[in-house]
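Student: Sharing a structure, written as structure tokens. Questions coming.
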Amino acid sequence: SYSRSMLSTMMDIPLSLTRILEYGASVHGSTTVTTWHGEGTGSEFDPAEEVTFRDIAARAAAFAHAIHDDLGITGDERVGSFMWNCAEHLEVMFGTACKGAIFAPLNKQLMNDQIRHIINHAEISAIVCDPRLAQQLGKVLVGTDSVKSVIITGAQPAQQFAHLFPRGIEVYSYEALIDGRSTVYDWPELDERTAAALCYSTGTTGAPKGVLYSHRSNVLHALMANSKDALGTSASDTMLPVVPLFHANSWGIAFSAPSMGTKLVMPGPKLDGASVYELLSTEKVTHTAGVPTVWLMLLQYMAANNVKLPDLQMVVCGGSAMPRSMIKAFLDMGTQVRHAWGMTEMSPLGTLATLKPPFSERTGEERLDILQTQGYPPFGVEMKITDDAGKELPWDGKTFGRLKVSGPAIAKAYFRVDANILDDAGFFDTGDVSTMDEHGYMRITDRSKDVIKSGGEWISSIDLENLAVGHPAVAEAAVIGVHHPKWDERPLLIVQLKQGESATREDILKYMDGKIAKWWMPDDVAFVDGIPHTATGKILKTALRDQFKDYTFPTAAA
Ligand code: AMP
């Protein structure tokens with residue numbers, strides 16, 4: 001409950017995705033969304049297909065009629081999707097959410113068990129599926145009972161796919177289903193707090209957790225994302241979201257683009273370096289967004305083939321830390337970078353690294369220092385860092401603590417999980433550990449479960465890893481905390497050497513000595529053939545902890 005004195009005399013219009021859809025269709029009606037189906041010419045999939053925001057709104061309306069009239073989708077039922085980024089995906093998203101139902105994009109990169117878990121947990125009624133993923137979805141749906149209908153995109157007859165799905169599931173063809181429907185829908189006036197979309201966050205441990213966005217949170221997030229210091233796009237730009245729709249609605253770009261009139265290029269399934277280059281280059285893309293692994297592949301392709309991207313103005317990069325060498329590579333080709341940090345729970349934008357005073361004039365390595373931070377929050381995200389007891393820590397750029405956030409586009413609970421995830425002041429603990437400086441710039445130093453707790457003080461595993469990979473013989477480094485009888489935990493440095501290189505424990509420790517506080521120095525170095533990673537390229541520390549569970553430090557013997 002809020003305190004209130006006199007009510008204003010301003011219009012009380014709920015914030016709704018319907019307004020974004022209608023704004024895009026009217027003011028930017030001729031702005032295009034181009035989908036690359038990525039199968040190349042000669043295939044049954046057209047290589048590139050262009051529609052407008054006006055078409056998308058009309059087809060979203062037809063889709064809403066179809067699922068209401070033929071599939072009986074009413075109220076807050078969940079409509080899932082199982083496809084790559086394409087125009088139809090936006091039609092399904094808007095058609096579902098503006099109707100008052102809930103759009104639930106599924107991450108096809110998860111294991112089938114996890115996808116099945118999400119479908120059951122969310123009780124999804126219908127799923128729109130790319131024909132190339134129909135076989136996988138058919139397997140996933142064995143052992144689910146909420147899904148009554150599957151709609152296969154494209155115009156192929158539904159019978160072609162029916163045999164792939166368990167008995168009792170009705171299979172439809174997307175184009176046949178929406179064909180001939182009214183392209184106008186009398187969208188309901190929804191309470192702005194109504195749920196609109198459901199995305200599951202996938203940690204490295206435990207079951208995926210559902211984040212249930214509202215119309216209001218998505219609209220406010222779009223307004224935050226649309227500023228020059230955030231996504232940096234305008235109605236004159238072309239955006240290619242490499243980040244998939246199931247990852248927090250393509251980092252909110254699904255709502256930002258029509259609310260700004262930004263032209264979209266949707267990449268379809270092929271996201272290797274050569275394909276992303278071809279897309280960016282052919283479509284003269286000005287802005288793009290994705291995780292570091294995508295940009296690594298792009299940069300490797302460009303270097304190997306000596307090609308350029310003169311139209312590309314900005315690369316938004318998040319999901320994992322953006323390496324310094326990658327930032328430099330883009331700057332050297334005249335492209336700005338925007339390192340961003342966020343979480344599914346935050347819709348997802350949390351911070352973005354732009355150069356504001358007093359840093360705008362910095363050059364060279366000092367410029368890279370700022371661009372490599374995770375940046376500062378836009379208006380609408382409040383942040384604090386605390387110790388384990390919840391005491392606030394200073395913004396001095398050095399002290400690090402648990403990063404906690406609050407804002408109108410941040411989750412206050414997980415979908416159908418009965419647990420309080422907020423502290424007494426209403427802040428959500430991100431599970432990340434970071435510093436904050438006096439200008440609001442945040443730097444991630446760890447995940448809270450990875451930070452090393454030595455004698456009551458914290459040691460940043462990421463800082464040690466970054467330092468160790470500076471040694472010329474080191475390919476990759478990971479640091480984990482291992483039990484120590486005196487200090488509770490001490491850092492163990494795990495190193496994978498570059499092929500054909502050699503270095504001893506002493507070489508590496510000598511290299512690190514003097515560059516960090518003495519008490520941060522790893523107690524030992526272990527050499528491994530390979531460091532395990534998650535599906536999104538994050539170091540899998542749970543696996544390393546398991547691998548070294550019987551390890552004891554030489555220093556622990558006494
Ligand atoms: P997700 O919800 O899948 O987007 O994962 C969110 C988590 O990814 C965050 O809590 C961070 O641990 C990590 N993450 C996201 N962006 C960055 C970044 N720029 N640097 C370091 N870690 C990041």
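The values are calculated or read from the model by the stated rules, or taken from the named source; none is laboratory data. The structure presented is a predicted model; accordingly, all values stated were derived computationally and were not measured. Neighbour counts are summed over all protein chains in view; Cβ atoms, including those assigned to glycine, are modelled from backbone coordinates with ideal geometry.
Student: Cβ-Cβ below 9 Å, separation at least six or inter-chain, first residue in region 159-188 and under 16 Å from Glu88 (Cβ atoms) and free of Cβ contacts under 8 Å to residues at least 24 places away in the same chain, second among the hydroxyl-bearing types (Ser, Thr, Tyr) and assigned to a loop (DSSP other than H, G, I, E, B): which pairs?
Tutor: That search, which allows pairs on different chains as well, returns Ser173/Thr153; Glu175/Thr153.
Student: Search region 432-451 for residues being charged (D, E, K, R) and part of a loop (DSSP other than H, G, I, E, B), and hand back the single one that is surrounded by the most Cβ atoms within 10 Å (Cβ to Cβ).
Tutor: Ranking the qualifying residues of region 432-451, first place goes to Asp450.
Student: Something else now. Restricting to region 239-296, name every residue that is touching a residue at least 60 places away in the same chain (Cβ under 8 Å), more than 24 Å from Val128 (Cα to Cα) and within 16 Å of the ligand (Cβ to nearest atom).
Tutor: Val291, Pro292, Thr293
Student: Condition (residue is more than 19 Å from Glu345 (Cβ to Cβ), over 26 Å from the mean Cα position of the chain (by Cα), assigned to a strand (DSSP E or B) and without any contact (Cβ under 8 Å) to a residue 60 or more places away in the chain) applied to region 393-401: is it met by at least one residue?
Tutor: No, the conditions are met nowhere in region 393-401.
Student: Quick one: count up the residues across region 452-473 that are away from the ligand (no atom under 12 Å from the Cβ), surrounded by fewer than 22 Cβ atoms within 10 Å (Cβ to Cβ) and β-branched (Val, Ile, Thr).
Tutor: Selection size over region 452-473: 1.
Student: What number of residues within region 492-541 are of a type in the set (Lys, Arg), under 30 Å from the mean Cα position of the chain (by Cα) and not in a loop (DSSP other than H, G, I, E, B)?
Tutor: Total meeting the criteria: 1.
Student: Turning to a different aspect of this structure: Taking the options Gly95, Gly75, name whichever one is buried (at least 24 other Cβ atoms within 10 Å of the Cβ) and either of a type outside the set (A, V, I, L, M) or free of Cβ contacts under 8 Å to residues at least 40 places away in the same chain (or both).
Tutor: Unique residue meeting the criteria: Gly95.
Student: Now a separate question. Please enumerate the residues belonging to region 317-332 that are touching a Pro at 6+ places or on another chain (Cβ under 9 Å) and within 16 Å of Val285 (Cα to Cα).
Tutor: Passing the criteria: only Cys317.
Student: With farther than 18 Å from Val51 by Cβ, within 16 Å of the ligand (Cβ to nearest atom), at pLDDT below 95 and in a loop (DSSP other than H, G, I, E, B) as the only criterion, which of Ala207, Ala230 stands out?
Tutor: Only one candidate qualifies: Ala207.
Student: Sticking with this one: Condition first: assigned to a loop (DSSP other than H, G, I, E, B) and in contact with a Phe, Trp or Tyr (Cβ under 9 Å, 6 or more places away or on another chain). Now tell me which residues in region 344-386 satisfy that.
Tutor: Listed by number, the residues that qualify are Ser347, Pro348, Ala353, Thr354, Lys356, Phe359, Thr373, Gln374.
Student: Then there's this: Could you please give the count of residues in region 337-367 that are within 15 Å of the ligand (Cβ to nearest atom) and farther than 23 Å from Leu422 by Cβ?
Tutor: So the answer is 7.
Student: To continue, here is another question. Does Thr435 fit the bill of being closer than 25 Å to Pro522 by Cα and either within 23 Å of the chain's Cα centre (by Cα) or at pLDDT 95 or above (or both)?
Tutor: yes
Student: Hey, another quick one. Quick one: count up the residues across region 233-246 that are under 19 Å from the mean Cα position of the chain (by Cα), assigned to a loop (DSSP other than H, G, I, E, B) and within 15 Å of Thr286 (Cβ to Cβ).
Tutor: Adding up the residues that qualify gives 2.
Student: Let me ask something additional. Suppose we keep only residues that are among the charged types (D, E, K, R) and under 20 Å from Gly342 (Cα atoms) within region 367-395. Which one would you say is modelled with the lowest pLDDT?
Tutor: Here the answer is Asp369.
Student: In this structure, does Ser256 turn out to be under 23 Å from Ala101 (Cβ atoms) and among the polar types (S, T, N, Q)?
Tutor: yes
Student: Leu331: farther than 30 Å from Ser214 by Cα, away from the ligand (no atom under 16 Å from the Cβ), among the aliphatic types (A, V, I, L, M) and part of a helix (DSSP H, G or I), yes or no?
Tutor: When the stated conditions are applied, Leu331 passes them.
Let's see how each residue does on (1) in contact (Cβ under 8 Å) with a residue 12 or more places away in the chain; (2) among the aromatic types (Phe, Trp, Tyr); (3) touching a Gly at 6+ places or on another chain (Cβ under 7 Å):
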position: Ala353; (1), (2), (3): yes, no, yes
position: Glu361; (1), (2), (3): no, no, no
position: Ala389; (1), (2), (3): no, no, no
position: Pro408; (1), (2), (3): yes, no, yes
position: Phe415; (1), (2), (3): yes, yes, yes
position: Ile421; (1), (2), (3): no, no, no
position: Gly431; (1), (2), (3): yes, no, no
position: Thr435; (1), (2), (3): yes, no, yes
